[in-house]
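Heads up, the thing below is written out as structure tokens.
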Amino acid sequence: MSRDGVKIAGLLLAAGASTRMGRPKQLLHVQGVTLLEQILNEALKSELDKITLILGHQSKEIKKVLGQIIVHKKLRVIENPRYGRGISSSIITGLSEVEDNYDHVMILLADLPHVTSRLINLLIHRYLESHLPIGAIQVKSKRSHPVIFGRPLYNELRKLHGDMGARALFQKYGDQACLVEPDFFYDDMDIDTKEDYAEFQRSLKNQQS
């Protein structure tokens, strides 16, 4: 969906080895699908023009599980052979695929089970309205995910290193950031450990009871 020629790509980062979990958290089951399928489906339903899924650890197994969704017209699946160097390597790998044709990139993390197309669209709209170069969802006055960047910051994204992600850019450009607090409930929990996964499953059961 173009907006007067302005195009936005989503970079869905799912290359990590899940060392704290002990097994690929991308393949954990969430309400009948995998954790990765959950957020990928929401991203594909959103107003993002393109989704680039960046895989790394056990990429072949993950592709098999994703099945036919891989051929979705809005999706491109790529691999980051340097995923062991941290999340920044996946951001740079994904950016290389989209920077020529897309004016903004939204970074999505594969371990946030509550991200929805509604949340993604809210960030898109508020960020574009702000005309600021950087944006993020905010929860209880704390910056959270997803995050989004305009073309003026692409070179800065390319300079990232290690496992810090884009945090440094928010520290550097905090006065130019559009922080969007949803007007609906959003739980920004991420799933890193077995304990996180157990807590998430308990929360689902509580919602259903």
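The values are calculated or read from the model by the stated rules, or taken from the named source; none is laboratory data. Because the structure is predicted, anything quoted here is derived from the model rather than measured. Cβ atoms come from the backbone with ideal geometry, glycine included; neighbour counts cover every protein chain shown.
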* Considering (1) surrounded by 15 or more Cβ atoms within 10 Å (Cβ to Cβ); (2) in contact (Cβ under 8 Å) with a residue 40 or more places away in the chain; (3) at negative phi, say which one Gly165 fails and leave the rest. => (3)
* Asked: Within the bounds of the range 125-141, is there any residue that is among the basic types (Lys, Arg), modelled with pLDDT of 90 or more and under 25 Å from Ser90 (Cβ atoms)?
  -> no
* **Out of Glu61, Glu47, sole residue that is among the charged types (D, E, K, R) and at pLDDT 95 or above** => Glu47
* Structure fact -> Considering only helices (runs of 4 or more DSSP H) wholly within the range 135-209, the ones with at least 1 residues that are of a type in the set (Ser, Thr, Tyr) and over 19 Å from the mean Cα position of the chain (by Cα) are 194-208
* Asked: How do the pairs read when you match residues in the range 84-105 that are touching a residue at least 40 places away in the same chain (Cβ under 8 Å) and under 18 Å from Gly135 (Cα atoms) with residues anywhere that are among the aromatic types (Phe, Trp, Tyr) and part of a helix (DSSP H, G or I), using Cβ under 8 Å and keeping only pairs 6 or more apart or on different chains?
  -> Leu95/Tyr154; Glu99/Tyr154; His104/Tyr127; Val105/Tyr154
* Within the range 145-165, identify whether any single residue is of a type in the set (Val, Ile, Thr), over 23 Å from Leu36 (Cβ atoms) and at pLDDT 95 or above, and answer yes or no. => no
* Structure fact -> Scanning the range 106-124 for residues that are under 22 Å from Gln201 (Cα atoms) and in a strand (DSSP E or B), the one modelled with the highest pLDDT turns out to be Leu108
* Would you call Leu132 buried (at least 17 other Cβ atoms within 10 Å of the Cβ), more than 16 Å from the chain's Cα centre (by Cα) and either under 21 Å from Asp190 (Cα atoms) or not aromatic (Phe, Trp, Tyr) (or both)? -> yes
